[in-house]
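Contents: one structure, followed by commentary.
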Amino acid sequence: ATLRRTRALFDRPSAAALALALFAVLLAGPRAPLLFYNGVWALLALPTALLVGRVLGTDARLSLSTIAVVFASIAALDPLLGPLPMAGRGLHILQYLAVAAALWVDLRHGRLLIGDLLRPAVSRRLTQALIAALVLAALASAAGSIGLARSLGHGALGAIGFWLVLVVLAHLLYGLGVAVLDARWAQHIRIVATRGADLRRWLRRLLTAAVVLAWLLGMLALLGLASDLVAWLQALLGADLAIGDATLSTGNIVAGVAVLVVTWLGVGLVRLLLEVEILPRLIRRRGVAFALSAVVRYGLVTAGVLLALAAMGVDLTKVTVLAGALGVGIGFGLQSVVNNFFSGLILLVERPVTAGDVVQVDGVQGVVASIGVRSTTVRTPDGAEVIV
């Protein structure tokens with residue numbers, strides 16, 4: 001369904017190209033005054049209005065076009081109307097009421113703004129809440145409560161407008177990513193040829209996470225809470241956590257956790273590259289390739305844990321002593337586990353047996369189903385699987 005909606009966007013190539021070009025200007029453009037970026041955002045609302053209906057599966061064109069025009073006018077005119085407070089108040093009242101009226105008309109005709117992404121009842125309630133917020137913002141602005149009016153009106157318009165822009169951009173980027181993965185030259189890459197569906201799913205999840213994060217940061221900046229959040233995070237990261245006689249910095253703990261997360265992601269990526277892309281091209285013996293991949297992964301995990309401890313401010317000399325003591329304990333208590341691990345590496349490298357061989361081990365006879373680092377699975381003639 002996501003791919004079908006994405007392909008529908010490229011049925012309007014001019015609007016899709018304009019949206020992507022403006023997004024590229026925002027990302028890679030030169031440092032410029034705030035007015036320049038406001039102008040880019042104002043222009044970006046126009047192709048979004050042409051494309052977003054295909055993403056949301058809605059025919060609420062009146063609401064979408066009105067939101068696009070108002071979003072563009074806020075981005076372009078708000079910086080210019082700073083010295084004219086009365087004119088700005090009047091324009092804001094008109095903007096709030098225009099969007100509220102468009103939403104109300106589409107809602108009465110059964111045209112939901114969110115379309116079929118949410119259940120109709122949920123989409124209807126969200127639209128009603130948005131209308132109520134805009135009407136209250138207009139009344140608050142008319143009564144002179146500027147702060148409340150901007151919080152309600154700009155917050156509601158910014159939330160829906162910014163989200164619509166981000167959703168369209170995410171689908172366009174997803175479409176470009178799928179086009180690259182489906183290209184003929186990309187199919188010569190083993191990872192793309194064998195894991196294409198997984199790569200598309202990971203790309204979609206990555207873009208979804210980026211949309212959520214960008215939307216939250218944008219709303220904080222729009223509501224003027226970004227500086228407060230930065231100050232709170234700085235205070236949190238600078239705090240010390242006392243555990244008995246030991247004192248750890250919260251920032252160091254966060255850094256250590258970040259190193260562990262990066263290590264986990266890096267190990268998964270390295271495993272994919274080694275086992276699918278690199279080692280099968282260099283080493284024909286699958287067991288040797290699997291053993292090398294396992295050794296590299298365990299080495300990366302060990303290095304990542306040591307780096308995480310160092311980032312947390314833990315003295316590695318004490319950790320070395322503790323690791324030595326644990327090594328002795330593990331050597332005595334987990335002899336069979338360590339024995340099985342190195343036995344698995346030897347089996348994978350020397351390959352005295354391979355998958356499909358008929359073997360007999362401790363009275364169990366069957367066919368070798370798979371050989372791993374720690375254990376081997378043997379399937380008996382009656383269908384049972386025995387882990388050796």
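Give me, ordered by chain and number, the residues 5 or more places off LEU112 or on other chains with an amide H under 5 Å from its own placed amide H.
Under 5 Å from the amide H of LEU112: ASP59.
Enumerate the whole-percent occupancy of each 10 Å bin, from 0 to the last occupied one, for all C-alpha pair distances of the chain.
Cα pair-distance distribution for the chain, in percent: 4, 15, 20, 18, 16, 14, 9, 3, 1, 0.
Run the simple label-point estimate for ASP357 and LEU206 please: 7 Å along Cα→C-beta, distance reported in nm.
4.0
Any idea how far apart VAL25 and GLN187 come out in nm if each label point goes 7 Å out from Cα toward Cβ?
If labels sit at VAL25 and GLN187, their model points lie 3.8 nm apart.
From zero up to wherever the largest Cα-Cα distance of the stretch 118-272 sits, split into 10 Å bins and tell me the percent of pairs in each.
For the stretch 118-272, the pair-distance distribution reads 9, 20, 25, 23, 17, 5, 0.
Of all the C-alpha pairs in the stretch 116-196, what % are more than 14 Å from each other?
74
Determine how large the accessible area of LEU181 is when every protein chain is in place; take a 1.4 Å probe and give Å² rounded to the nearest 10.
Accessible surface of LEU181 is approximately 30 Å².
Could you give the length gained on full extension between VAL262 and SER227, defined as 0.36 nm per residue of separation minus the Cα-Cα distance, in nm?
9.9 nm
Could you list log10 I(q)/I(0) for the stretch 1-43 at q = 0.17, 0.24 Å⁻¹, which the Debye formula gives when each Cα is one point scatterer?
Each listed q maps to, in turn, -0.57, -0.81.
With the chain treated as a Gaussian network of Cα nodes joined by springs under 10 Å, which of GLY175, GLY356, GLY153 yields the largest mean-square fluctuation?
GLY356
In 5 Å bins starting at 0, how do the alpha-carbon pair distances of the stretch 153-221 split up by percent?
3, 17, 21, 17, 13, 10, 8, 6, 3, 1, 0
Mind giving me the FRET efficiency for VAL314 and VAL364? R0 is 45 Å, r the Cβ-Cβ distance, nearest 0.05 is fine.
Using R0 = 45 Å, I get an efficiency of 0.45.
By the gyration tensor of its Cα atoms, with a ≥ b ≥ c the square roots of the eigenvalues, what is the shape of the stretch 1-155: rounded for a/c under 1.5, prolate for a/b over b/c, or oblate?
oblate
Is it possible to state the helix-based mean residue ellipticity at 222 nm for the chain, with each DSSP H run of 4+ residues giving -39500 (n - 2.57), the sum divided by total residues, to the nearest 500 deg cm²/dmol? What is it?
Taken over the chain, the calculation gives -23500 deg cm²/dmol.
What accessible area per residue comes out for the stretch 1-94, rounded to a whole number of Å², with a 1.4 Å probe?
Accessible surface, normalised per residue, equals 53 Å².
Could you order GLU385, GLU275 by accessible surface area, starting with the largest, using a probe radius of 1.4 Å?
Greatest to least solvent exposure: GLU385, GLU275.
For VAL301 and ALA384, what is the calculated FRET efficiency with R₀ set at 30 Å and r taken between the beta-carbons, to the nearest 0.05?
Calculated value: 0.35.
Take the Cα atoms of the stretch 250-300, find their three principal axes, and give me the spread along each one in whole Å, biggest first.
48, 16, 10
Working from the alpha-carbon coordinates of the stretch 36-82, get Rg over Rh, Rh being the Kirkwood radius.
1.06
For ASP228, what accessible area in Å² do you get when you roll a 1.4 Å probe over the heavy atoms of the protein chains, rounding to the nearest 10?
90
Given a Förster radius of 22 Å and the C-beta distance between LEU176 and LEU282 as r, what FRET efficiency does 1/(1 + (r/R0)^6) yield to the nearest 0.05?
0.10
Provide the per-residue ³J(HN,Hα) series for the stretch 351-359, in order, calculated from phi with Karplus coefficients 6.51, -1.76, 1.60 and θ = phi - 60°, each as a whole number of Hz, with x at glycine and proline positions.
Once rounded to whole Hz, the list reads 6, x, 10, 9, 4, x, 6, 8, 10.
Give me the extension gain from SER145 to ALA214: residue separation times 0.36 nm, minus the current Cα-Cα distance, reported in nm with one decimal.
Residue separation times 0.36 nm, minus the Cα-Cα distance, leaves 21.9 nm.
Would you list the membrane-span-like helices of the chain, meaning whole DSSP H runs whose alpha-carbon atoms span at least 27 Å along their axis and whose mean Kyte-Doolittle value is at least 0.5?
What comes out of the filter, once short or polar helices are dropped, is 34-56, 85-108, 120-142, 155-182, 196-222, 250-272, 286-311.
Defining a contact as two alpha carbons under 8 Å apart and six or more residues distant in sequence, what relative contact order in percent does the chain show?
It comes to 10 percent, rounded to a whole number.
Contour minus end-to-end for VAL349 and ALA32, with contour as 0.36 nm per residue of separation and end-to-end as the Cα-Cα distance?
108.2 nm
The values are calculated or read from the model by the stated rules, or taken from the named source; none is laboratory data. The structure presented is a predicted model; accordingly, all values stated were derived computationally and were not measured. Backbone-built Cβ (ideal geometry, glycine too); neighbour counts: all protein chains shown. When the accessible area is computed, the model is the full protein with side chains, heavy atoms only, and any ligands, DNA or RNA have been set aside. Shrake-Rupley method; radii C 1.70, N 1.55, O 1.52, S 1.80 Å.
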